[in-house]
Amino acid sequence: MTREEALVRAAIDHWARLAVLEPLHNEFIGPIDCPLCIEYHGDCRNCPVMKKTGVSCCGCTPYAEAERARYNDCSKDEQKACNLKEVEFLLTLLPKGRQ
């Protein structure tokens, strides 16, 4: 497994915890706790998210919707659904057959 794949898998785990609303400690939505953001923040060009979307800061992903749901006090069900969309997106970053 490459380092990039390991980071994507760690990001999937992060968002999966958020999707079931069982974060670790004070884990939250945003670049501070996302393994990909920790690795690539400040230089998104090498991030697999930007490689796929062509947009920095997780633009063109479900991230903004998940962030809005969390910080606008949407229902827990809506937060879960938005976080799950991010998990589904991140799964598309894994090599085919290894999802």
Highest first, please rank the peptides 70-83, 8-21 by the mean number of other Cβ atoms sitting within 10 Å of their residues.
8-21, 70-83
Given 0.36 nm per residue, what is the gain on full extension from Asn72 to Cys57 after removing their alpha carbon distance, in nm?
3.4 nm
Projected area, mean over directions - the range 3-91, Cα convex hull, nm²:
5.2 nm²
What 222 nm value per residue comes from the helices of the chain, counting each DSSP H run with n ≥ 4 as -39,500 (n - 2.57) and dividing by all residues, nearest 500 deg cm²/dmol?
-16500 deg cm²/dmol
Two-site label geometry, Phe28 and Asp43: point separation in nm, points 7 Å out along Cα→Cβ:
2.8 nm
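Throughout, read-outs are computed from the coordinates displayed, never taken from laboratory work. Here the structure is a predicted model, which means the values were calculated and not measured. Every residue, glycine as well, gets a Cβ built from its backbone with ideal geometry; the counts of neighbours run over all protein chains shown.
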